[in-house]
Each structure stands twice: as structure tokens, then as C-alpha cells.
1. From the list Ala176, Ala274, Ala242, which one is within 23 Å of Leu104 (Cβ to Cβ) and in the same structural domain as Ile295 (by TED's automatic domain parsing)?
2. Picking from Phe116, Phe73, which residue would you name as being in contact (Cβ under 8 Å) with a residue 40 or more places away in the chain, among the aromatic types (Phe, Trp, Tyr) and under 17 Å from Met263 (Cβ atoms)?
3. Condition test on Pro127, is it more than 18 Å from the chain's Cα centre (by Cα) and modelled with pLDDT of 95 or more?
4. Restricting to region 281-314, and then to whatever is farther than 20 Å from Leu14 by Cα and in contact (Cβ under 8 Å) with a residue 60 or more places away in the chain, can you tell me which residue is nearest to the chain's Cα centre (by Cα)?
5. Could you tell me how many of the residues in region 10-40 are modelled with pLDDT of 95 or more, more than 20 Å from Ala354 (Cβ to Cβ), out of contact with any Leu (no Cβ under 9 Å at 6 or more places or on another chain) and surrounded by 14 or more Cβ atoms within 10 Å (Cβ to Cβ)?
6. How many residues does region 48-89 contain that are within 24 Å of the chain's Cα centre (by Cα) and among the acidic types (Asp, Glu)?
7. Being in the same structural domain as Gly281 (by TED's automatic domain parsing), out of contact with any helix residue (DSSP H, G or I) (no Cβ under 8 Å at 6 or more places or on another chain) and more than 17 Å from Glu22 (Cβ to Cβ) narrows it down to one residue among Arg53, Arg69; which is it?
8. Quick check on region 129-177: of everything there that is among the small types (Gly, Ala, Ser), touching a Leu at 6+ places or on another chain (Cβ under 9 Å) and not in a loop (DSSP other than H, G, I, E, B), which residue is surrounded by the most Cβ atoms within 10 Å (Cβ to Cβ)?
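The values are calculated or read from the model by the stated rules, or taken from the named source; none is laboratory data. Everything quoted here is computed from the prediction, not taken from an experiment. Cβ placement follows ideal geometry from the backbone for every residue including glycine, while neighbour counts extend to all protein chains displayed.
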Amino acid sequence: MNQQEVYEFKIALLPGDGIGPEVLDAALVVLAEIEQHLTSIRFKFEEFSVGAREFLVSGDPLPPSVFNRFADFHAILLGAMGLPSVCWPSGVEMTPQLDIRERLDLYCGLRPIYLFHSQDSPLRGMPAGSIDLLLVRESTEGLFSSRKTVQDMKSDLVEDHLRITRKGSERIVRAAFQQAMDRRKHLTLIDKANVLPSMAYFRRIFNDISSEFPEVETDAIYIDAAALYLLQKPHVFDVLLAENMFGDILSDLGAGLVGGMGMAPSADLGNKFAVFQPSHGSAPDIAGKGIANPIAMILSAAMMLEWFGDLECKSGAGLIRAAVKTVFADPRARTRDMGGTLSTEEMANEVLGAINSLHKAGACQ
């Protein structure tokens, strides 16, 4: 691509419910600033209504007319979805974000956990950067696979099934090894192979594929021990691989180690498409108050730029991450969930200021 050519990335916006629209707006402000520093890349956005609020309007949290449009876009930026008061007859909340993952086959969930400042961790004596791990979560099967099974809530028995397939296991294991190759070349499998045959099967596939990546050091830890070690010695972990439910739980534990859910970005990747969203929920109790932490959403947008693969986009992603690191070096620059006073807009403005300062200084070029 020469400098005269301009390539346009089309991004579908799903603000969703609760604080979703607020944190997404903050990320869009940051992306608009990044776009000003790119010479050959432009972003085109189109917003769609998906989620609990959409259900209250149309009777469908993910209308077919919306889902069918996703093929027109390079990626999706998603705010947050679901409200505790809007449920299916079974009592479970509406989770169209899970439907999107499954229907687009976004099997590889990436949950990076990074400590920007020692004061933000409940663990004493953890310096900035000492917690730097990536949780790879299988996102299309596992214990979530039976979530849409119609159950009789008046019966004496209700069962969920943990589904592990060879195809699903092989592709997520290889994806985890590839992530480890790009980091510190250490991969830890998290399972419950001592109790569950499905997990023993998953571990066997993991061990078979490990021979394809001789440069990566591997180990395997049971899920209960992993929860303990993440609290005792999180600095020893690089990449962790887990089944859907285990990954869901550990990603929240990891977020708690570095300041909370407002610091936890995520990506759900398939072979051709991806969704980027904060790991947190819709937090309806603070919606509309302008106090939500937008950092997880902003860092998710950086993950999207990285995934696009273009060199300029990667530079933009690096600039966003460097800006967040600069902001959090100041222990006073925090939103209320982290003990500070900044509003959502003020935190976004802090990031914008750091981006401009870093760009002028020639950082991340």
C-alpha cells in the first residue's frame, strides 16, 4: 500500500445495554484521535441495536436483519449486553453476545490481564508489569454448549452438558500455542482432568499438539489449583488455556488482580471475523451516571487495531496502550471503581492527552 492509497475498515457498533453506550462512546473518541495520526487508514462505523433494550422494542435481542449485516464489516465493537430484569422464561438473562460468538464461530477468546500500577492490585508488593498474562478461552462449546436446551423448571432434574470436540479442541489449542509463540513461550493448560473424562480428553489433545511447538514450555494445572496460584504467584503465568466456563471464571479473577473489570479488555476471534468488547457486564446500577471506567473498552479497541494486521493499525494500537500506561502511572488518575474521581469522559480525555503527547514525542512510530 503506498501513501496515496487509503484503506477503509468498516466496523459495526453494538452499544448494547447499561453502561455499554457510554464506554463505547469513549472508545470511539479515542479511535477518532488515532485516525488523525494515520496516513492511509480510515474507519467507517455503523451502529446497530442489539441486546435487552432491543428485545423490549422488537421482541428479539438479535434481529436477523441486524445479524445478516455483520458480513459487511471487518469487525464488531460491542459495549455490553444484558439486563437482570430482562430474561427468558427459564429465568436466564438474554445474552446475544454469546449467540454472536457461536453463530460466527468465534472460538478463540483472548482475555489479557496486565497490571499498570502496583496500587491497583489487591496483592501486596506487585510492581507495574509484574502481572502480564493472557487467558485463551474456548468460546463456542464446553459447559456453555447446552445453554439453550429447553428445561422443565418444575421437574426433579435439570442437566447441563460439557461438550468437548476434537475439532474444537485442536483449533483452540493451536491458537493458544500461537499466542504463546508471540509472547514469552510458556503455555499453561487449565482443566479438571483428574475428575472429568472430557477434561482428560482435552488434555490428551493438548499434549499431542504440543509436539508441533517445541519452543513453547508447557504445564497443566487443575482449575482449583489455578485459582490458588493466580492469587499466590500470578507473575509466573504467561498464556493460560481453558474451557469456556473455566475461562469465564478465571478471566474475572484475573481482572480483580489488576484493578477490576473496568481494566479487562477482550477479543473473540474466528478464522475470518472478530468481536471486541470489555469483559465487564452492563452494570445497570451506574448506567447514565457518567462514571463507568472506559479503559477496558478502549483497550479492546486497541486489540481490534492489532487484529486488523495493518502496520499503521498496529502502530495505533501500540499508541493506545502506551497512552493508558502513561495515564495510569499517575496514581490519582482513576475512575470511581478504582478509588478515584474521574468521570468516563474525563478518563477518555486523559487518554487523549497522553496519545497526543506520545505522538509528538515520536512514541510507537
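1. Details: Ala176 fails: in the same structural domain as Ile295 (by TED's automatic domain parsing); Ala242 fails: in the same structural domain as Ile295 (by TED's automatic domain parsing).
The match here is Ala274.
2. Values: Phe73 fails: under 17 Å from Met263 (Cβ atoms).
Being in contact (Cβ under 8 Å) with a residue 40 or more places away in the chain, among the aromatic types (Phe, Trp, Tyr) and under 17 Å from Met263 (Cβ atoms) holds for just one of Phe116, Phe73, which is Phe116.
3. Values: more than 18 Å from the chain's Cα centre (by Cα): yes; modelled with pLDDT of 95 or more: yes.
In short, yes.
4. Cys313
5. Here the count works out to 3.
6. 2
7. Working: Arg53 fails: more than 17 Å from Glu22 (Cβ to Cβ).
Arg69 is the lone residue from the list that is in the same structural domain as Gly281 (by TED's automatic domain parsing), out of contact with any helix residue (DSSP H, G or I) (no Cβ under 8 Å at 6 or more places or on another chain) and more than 17 Å from Glu22 (Cβ to Cβ).
8. At the first step, the residues of region 129-177 found to be among the small types (Gly, Ala, Ser) are 129-130, 139, 142, 145-146, 155, 168-169, 175-176.
Now drop any that are not touching a Leu at 6+ places or on another chain (Cβ under 9 Å), which leaves 129-130, 139, 142, 145-146, 175-176.
Next cut, not in a loop (DSSP other than H, G, I, E, B) only: 142, 145-146, 175-176.
On the way: Gly142: 24, Ser145: 19, Ser146: 14, Ala175: 19, Ala176: 29.
Ranking the candidates gives Ala176 first.
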